[in-house]
Structures are given as C-alpha cells and as structure tokens.
Amino acid sequence: MSALVIGIGNPLAGDDGAGHAAAGRLARRPDVTVRVCQQLAPELAVDIAAAECVIFIDAATSGAGVAIRRLDRPGEPHVAGSPVTHVLSPEALVALARVVSGRAPRAYLITIPGLCFEIGAGLSESVLRLIPTAADAAVRLLDPLARPT
C-alpha cells in the first residue's frame, strides 16, 4: 500500500462528516487506499504500518481554515484520546504502528473547522467550501509518492 487516507467522523452529525467527504475525493487515485470510520480503532495500526504515508482527515471544533500537522516526528509525545468522540488519536495510532511493526510512515492530520455537529444536520456551507482545500492539501502531501504510469 503506497498511501492511506483515513477520513474520520460521523457523516450523520453535520460537520463531523467532513473527513469522510474530503477523503472520498481521493478514492479514485490508484496509489491511495481510502478508509472512512467514525472512530479510530487499534486495528488500523496494521494498515498504517504498511503505508508509506498516512493522512488522517477530520473535523475540528475550532479553527479558521484547513490545518495540517505532521504526526510522525520521533520523540514527540502523542495524545491518547481525542477531544471529540474518537477512541484513539491519530498520534496514538501512528505510535502503535511503530510499536507493532518497528516502523511508521510519514503521517499527517488535516483538520477542517466545523460549525454544527448536530445529528441530522448536513455539512455547513463553510465546510463544503473547505473540503476541496483539504483534499488538495492531501494531494500535495501525496505527490512525492506519485509513480510514473
């Protein structure tokens, strides 16, 4: 597996579905495996360890625009849980992949600030405008992995 993109969130809870929507825009790339989930589970560590690069895309409860953070810097502490409802944080999964396999891929977290996280609400206009920006950011992070066809 060259690259793994994980869209996180609940698409039934308004802007929490932003990660799914942005990740879905990358599904047609032949060098990318896309997974979507409501919560991060330890089982994802095996897929993460097999990837050259992993990009998590999730909604955030604050922020002014799409944000990108590198997660795989050795020696940096990782957070065990997420402030929303995710079981594990992306940092914890990258660390778990390193423990399980002895290696971890380049890893990034892209966040999209949301406004409404109510069950039954759709994606807000501001999130709909930012989803292409988040997907484009992921593509830029993946470009070093591009292979000639």
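With the checklist (1) at pLDDT 90 or above; (2) under 20 Å from Val139 (Cβ atoms); (3) crowded, with 17+ Cβ neighbours inside 10 Å in hand, flag the one item Ser2 doesn't pass.
Looking at each condition in turn, Ser2 falls short on (1).
Yes or no: Leu88 within 14 Å of the chain's Cα centre (by Cα), part of a loop (DSSP other than H, G, I, E, B), modelled with pLDDT of 90 or more and of a type outside the set (Lys, Arg)?
no
Return the total of residues in the range 40-56 being open to solvent by 10 Å² or more (accessible area, probe 1.4 Å), assigned to a loop (DSSP other than H, G, I, E, B) and among the small types (Gly, Ala, Ser).
Number satisfying all stated conditions: 1.
Filtering the range 24-35 down to residues that are farther than 12 Å from Val139 by Cβ and out of contact with any helix residue (DSSP H, G or I) (no Cβ under 8 Å at 6 or more places or on another chain), which residue is surrounded by the fewest Cβ atoms within 10 Å (Cβ to Cβ)?
Restricting to residues being farther than 12 Å from Val139 by Cβ and out of contact with any helix residue (DSSP H, G or I) (no Cβ under 8 Å at 6 or more places or on another chain), the top hit is Pro30.
Tell me, which residue of the range 62-78 that is within 15 Å of the chain's Cα centre (by Cα) and part of a loop (DSSP other than H, G, I, E, B) is modelled with the lowest pLDDT?
Among those that are within 15 Å of the chain's Cα centre (by Cα) and part of a loop (DSSP other than H, G, I, E, B), it is Asp72.
The values are calculated or read from the model by the stated rules, or taken from the named source; none is laboratory data. As the structure is a prediction and not an experimental result, all values here were calculated from the model. Cβ: placed from backbone, ideal geometry, glycine included. Neighbour counts: every protein chain shown. Please note that ligands, DNA and RNA were not included when accessible areas were found on the heavy atoms of the full protein model with its side chains. Shrake-Rupley method; radii C 1.70, N 1.55, O 1.52, S 1.80 Å.
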